1. Which aspartates and glutamates have a Cα less than 19 Å from the Cα of Lys110, not counting those fewer than 8 places away in the same chain?
2. Cα centroid distance between region 36-53 and region 61-131, in Å?
3. As an exercise, identify the trypsin sites (Lys or Arg not before Pro) in region 93-175 lying in DSSP coil whose Cβ has no more than 10 other Cβ atoms within 10 Å.
4. Check cross-link reach from Lys96 to the aspartates and glutamates: straight Cα distance under 16 Å, and skip same-chain residues fewer than eight apart.
5. Using only C-alpha atoms and all pairs of different ones, pull out the Kirkwood radius for region 17-175 in Å with one decimal.
6. Using θ = phi - 60° and the Karplus form 6.51 cos²θ - 1.76 cosθ + 1.60, what ³J(HN,Hα) does each residue of region 61-71 get, whole Hz, x for Gly and Pro?
Amino acid sequence: MTRKTLLSSLLLSLLSFSSLAETRIAVLDFELKDLTLAPGIPAELQRTASIKPLLEQELKRAGYTVITIPGHAQQEANSGVGYLFDHADAAAQLGKQFQADYILVGRLHKPSFLFAYLMGRLVKVDDAKLVGDYISESKGPNASLTIKAVESLTTKIDHDLDSRYSPPPPAKLVH
């Protein structure tokens, strides 16, 4: 390999790596869709509120730039529960206001006391196209299971984007 070819390859690698590091994702607050006989209990509201920061943490760990959209801006763009989840164009407009490349709209769908689904829709901001529709199951309300569902969701999102995420190894149980 000549010196010129080597330098060209190195420069191309650096340029492609820097473009990967600049993928900007906005994660909206997750909504709770609780279909159980006791909807909206404090524990479920708390679990739902924990998903966004957990997902942002994992996306940052994977090297994505996480864009913050203030809660009031999300509320102003949302014409009702589930609106942004169902309207990629409105979600893209919101992401565009904050210079995101992608925006993730999420929901915790709880059809039973035994399990819940973390659902996310990833929208490409510049053309308002749905990139992916993701579901990760969480059995039970245990926080560690929610974390695993978030890691699963991150893996699915990353698969459709830059494919660079590796979830942390399972925690070892201490007896």
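1. Straight-line reach from Lys110, under 19 Å: Asp29, Glu31, Asp34, Glu44, Asp86, Asp133, Glu137, Glu151.
2. Between the Cα centre of region 36-53 and that of region 61-131, the gap is 18 Å.
3. Values: sites: Lys96, Arg107, Arg121, Lys124, Lys129, Lys139, Lys148, Lys156, Arg164, Lys172; in loops: Arg164, Lys172.
Filter output for region 93-175: Lys172.
4. Glu22, Glu76, Asp126, Asp127
5. 16.0 Å
6. Coupling constants for region 61-71: 4, 7, x, 7, 8, 9, 9, 8, 10, x, x Hz.
Values quoted throughout were computed directly from the atomic coordinates according to the rules given, and no laboratory measurement underlies them. Being a predicted model, the structure only gives us computed values, none of them experimental. Here the Cβ is made from the backbone with ideal geometry for all residues, glycine too, and neighbour counts use every protein chain on show.
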